[in-house]
Amino acid sequence: MQLCDFSAVEIRDHIFSKQASAVEVLESCLRRIKQVDGRPGKLESGPETKEDAERVHAFITLTEDAARVQAEMIDKMIADGEDPGPLAGIPATIKDIFCVKGTPSTAGSRILANFISPYTATPVARMRSAGAVLLGKVNLDEFTYGSSTESSAFQPPTRNPWDTSRVPGGSSGGSAASVAAGEAPLSLGTDTAGSIRQPAAFCGVVGLKPTYGRVSRYGLIAFGSSLDCPGPLARNAKDTALMLHTIAGPDPRDATSANLPVSDYLELLEKEIKGKRIGLSPDYFQITFPNLETGEYLQQPVPTEIRDAVLKAVDVYRALGAEIIEDVPMPNTRYGIPVYFVISRVEAASNLHRFDGVKYGHRTNGEINDLKTLYRKSRGEGFGLQPKLRILMGMYVSAAQYSEQYYQRALQVRTLIRGDFEQAFDLNGKYKLDALLTPTTPTTAFPMKDVYGDSVLMQYADQLAVPANHAGIPGISFPGGLDMDGLPIGVQLLGPDFTEGVLLQLTHAYEQATIDAEWRILRPAVLREG
Amino acid sequence: MANLKQEISRETFDHLVELAALELSEDESDYLLIELNNQISAIHELEAIEIAKDVPPASHGVSYTPESSPPLRKDDWDACEDAESIINQSPFVDDGFIVVPDIPHTTLK
């Protein structure tokens with residue numbers, strides 16, 4: 001086992017006890033990146049090679065030199081007896097949707113390919129102040145619009161470390177893949193409809209979507225402003241807790257950040273879960289999908305392997321003394337995606353109007369005689385298909401003549417989705433849940449190119465994750481086994497507002513209880529010998 | 001869902017593209033029109049839901065209480081320390097000004 005395979009907490013402890021230096025840890029991660037990552041994402045990448053198909057390609061920008069300076073500084077502080085902070089010397093990757101001063105901040109889009117951010121996002125600044133060593137920016141779906149990381153303008157696309165013929169999920173695919181492949185123990189991602197939890201599930205890592213407002217969005221290139229949540233990806237609950245504690249909290253630069261104190265998530269981890277009330281809902285054990293020929297929406301049970309993984313987690317929790325409450329009704333779950341098609345598109349269209357080829361980003365070349373043509377050409381060349389689709393959809397459903405039919409109605413259904421959770425979590429209600437236990441995704445990682453291009457089917461990959469975004473509540477995905485193809489299965493816990501500590505505690509308890517499980521022995525394919 | 005009724009016609013689509021200030025190739029237009037209509041078909045599912053008149057729209061999932069709402073910032077001037085670096089993000093700058101082509105205008109008589 002190499003230093004890069006250690007957990008974040010172990011790395012921190014090694015550095016504080018001087019068993020390893022921050023530079024040694026960094027060099028170990030850089031060696032791993034060299035071993036498994038292949039060439040970084042680029043705009044004009046040329047055809048994919050056979051070697052490309054066997055590599056992870058998590059990175060767009062590797063900031064090796066800056067990371068080395070940071071690591072040396074951490075080592076000097078340790079040598080001088082100073083405290084570098086709770087993330088001292090822990091390498092981390094950042095989804096390239098966050099602005100980091102002096103670093104290309106591309107959003108995976110041609111329109112921002114030349115954008116060097118003049119300021120740093122709050123969660124990134126907090127990680128750096130806490131001593132994290134930032135390795136660079138990792139790939140994502142363009143502007144986070146997707147569930148496979150294939151839509152990035154920066155190719156080759158990120159591949160799943162467990163099977164490089166499969167997608168890593170998305171949109172935080174680079175984050176999840178970098179953590180799973182041992183390139184870094186921590187990554188900062190974002191979750192608008194499952195974009196942390198779904199890739200975490202596909203890549204066999206832990207991903208936490210905090211409560212909306214728990215982590216500042218300042219410096220996050222916006223998608224759906226009422227839905228976007230920055231959050232951690234890590235290899236276990238403890239590391240996730242450590243990172244969340246660092247990035248969470250009020251921020252005067254984000255008026256939607258909640259002005260509430262942050263719990264000591266690490267301390268909460270060790271508490272007993274006896275008596276916790278964990279719910280199961282039949283509405284999370286069936287998937288809805290559109291029939292492409294008839295337009296009908298069909299429902300079928302989630303795949304047996306995924307259902308069984310959740311039911312095994314039920315057994316674990318029951319054995320630990322939790323109360324399992326079955327048949328919790330969540331009737332509006334199935335409307336999560338249609339509502340998302342409306343709300344997120346309206347918000348995305350609004351947020352994308354700022355990219356105009358004038359103030360920053362891509363500007364069309366050549367002689368242009370009027371401003372409107374400049375806008376049209378710059379945006380036409382700069383945006384890929386997915387942002388264009390979201391702009392058009394958002395403008396259509398929010399147009400005056402359709403707004404009542406679509407947007408206003410979607411906002412009301414959002415209230416109903418929130419109502420399902422409020423009823424389930426109500427302390428004076430029938431169910432009084434501490435958490436709802438569900439599958440994270442309707443499938444395990446699907447093959448590259450299988451779904452890409454079908455924007456409706458791709459969106460349905462998020463159907464079990466997106467209700468939490470509408471409701472604003474926290475959710476976590478953690479590995480719960482492998483399927484017959486050796487691909488990770490994600491199990492999800494959803495909890496009441498600002499109960500990240502409970503979700504982490506339950507995840508930690510599951511990890512401890514299954515520490516000797518056979519499936520935990522297997523490593524991602526890119527890390528296996530031979 | 002390519003066989004379904006196309007709610008958005010080519011004419012409406014072209015109007016949207018114009019409003020969105022996007023120049024599209026023919027291939028892009030064809031793909032986007034199909035996908036747009038497929039997405040519209042997906043949201044028709046919402047029409048089947050009975051919604052009581054008193055259900056309010058939700059602009060956020062989590063409600064902001066007086067305790068959780070951040071205090072308003074003081075109305076103080078906080079100068080950008082490096083305005084030049086912001087202006088210089090523009091692809092065309094001249095003497096601290098962002099250069100653009102002719103802005104559509106009407107000369108008043």
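Quick look at the values:
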item: Scattering curve values for segment A:210-357, log₁₀ I(q)/I(0), Debye with Cα scatterers, q = 0.21 Å⁻¹; result: -1.27
item: Cα gyration tensor, segment A:4-49 - rounded (a/c under 1.5), prolate or oblate; result: prolate
item: Size of charge dipole - segment A:3-270 - debye, nearest 20, with Cβ of Lys, Arg +1 and Asp, Glu -1, no other charges; result: 440 debye
item: Residue (of A:F143, A:S129, A:S165) at the positive-pole extreme of segment A:125-169, dipole from beta-carbon charges; result: A:S129
item: Positive-end residue, the protein assembly as shown charge dipole about Cα centroid, Cβ charges, pick of A:S7, A:Y407, A:T192; result: A:S7
item: Cβ neighbours within 10 Å from other chains - mean over A:374-380; result: 5
item: Under Karplus coefficients 6.51, -1.76 and 1.60, residue-wise ³J(HN,Hα) of segment A:120-133 in Hz, glycine/proline x; result: 10, 4, 4, x, 5, 4, 5, 5, 5, 4, 7, x, 5, 9
item: 3J(HN,Hα) from dihedral phi, segment A:177-193, Karplus parametrisation 6.51/-1.76/1.60, rounded to Hz, x for glycine, proline; result: 5, 5, 6, 5, 7, x, 6, 7, x, 10, 9, 9, x, 9, 9, 10, 8
item: Relative pair counts by distance (%), Cα atoms of segment B:1-48, 5 Å bins; result: 5, 20, 29, 23, 14, 7, 2, 0
item: Packing-based order for A:301-310, A:359-368, using average beta carbon neighbours within 10 Å, highest first; result: A:301-310, A:359-368
item: Hydrodynamic radius of segment A:195-245 per Kirkwood, over alpha carbon pairs, in Å; result: 11.5 Å
item: Cβ-based charge dipole, segment B:1-48, positive-most Cα from B:I34, B:A20, B:Q6; result: B:Q6
item: Residue-wise HN-Hα coupling along segment A:232-242, computed from phi with Karplus coefficients 6.51, -1.76, 1.60 (Hz; x: Gly, Pro); result: x, 10, 7, 8, 7, 5, 5, 5, 5, 4, 4
item: Computed helical MRE - 222 nm, chain A, DSSP H runs ≥ 4 contributing -39500 (n - 2.57), nearest 500; result: -10500 deg cm²/dmol
item: Computed P(r) (all Cα pairs; segment A:1-80; 10 Å bins; percent); result: 17, 40, 26, 13, 3, 0
item: Per residue Cα convex hull volume in Å³ - calculated over segment A:154-285; result: 146 Å³
item: Dimensionless Rg over Rh [segment A:3-270; C-alpha; Kirkwood]; result: 0.94
item: Distance violations [Cα-Cα > 19 Å] among A:K42/A:K95; A:K95/A:K449; A:K50/A:K449; A:K271/A:K430; A:K95/A:K209; A:K209/A:K271; result: A:K95/A:K449; A:K271/A:K430; A:K209/A:K271
item: Cα-based convex hull volume of the protein assembly as shown per residue, rounded to whole Å³; result: 179 Å³
item: Computed magnitude of the charge dipole of chain B (debye, nearest 20; Cβ of K, R +1, Cβ of D, E -1); result: 520 debye
item: Semi-axis lengths, Å, segment A:299-431, gyration tensor of Cα atoms, sqrt of 5 times eigenvalues; result: 45, 19, 13
item: Dipole in debye (nearest 20) - chain A, about Cα centre, beta carbon charges: Lys, Arg +1; Asp, Glu -1; result: 1180 debye
item: Amide proton proximity set for A:G481, modelled H, under 5 Å, gap of 5+; result: A:I489
item: Base-10 log of normalised Debye intensity for segment A:128-177 (one unit scatterer per alpha-carbon) at q = 0.15, 0.16, 0.20, 0.31 Å⁻¹; result: -0.40, -0.44, -0.62, -1.08
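Each value in this text was obtained by applying a stated rule to the coordinates, not by laboratory testing. Since the model is a prediction, treat every value here as computed from it, not as a measurement. Because the Cβ atoms are built from the backbone with ideal geometry, glycine has one as well, and the counts that use them run over all protein chains shown.
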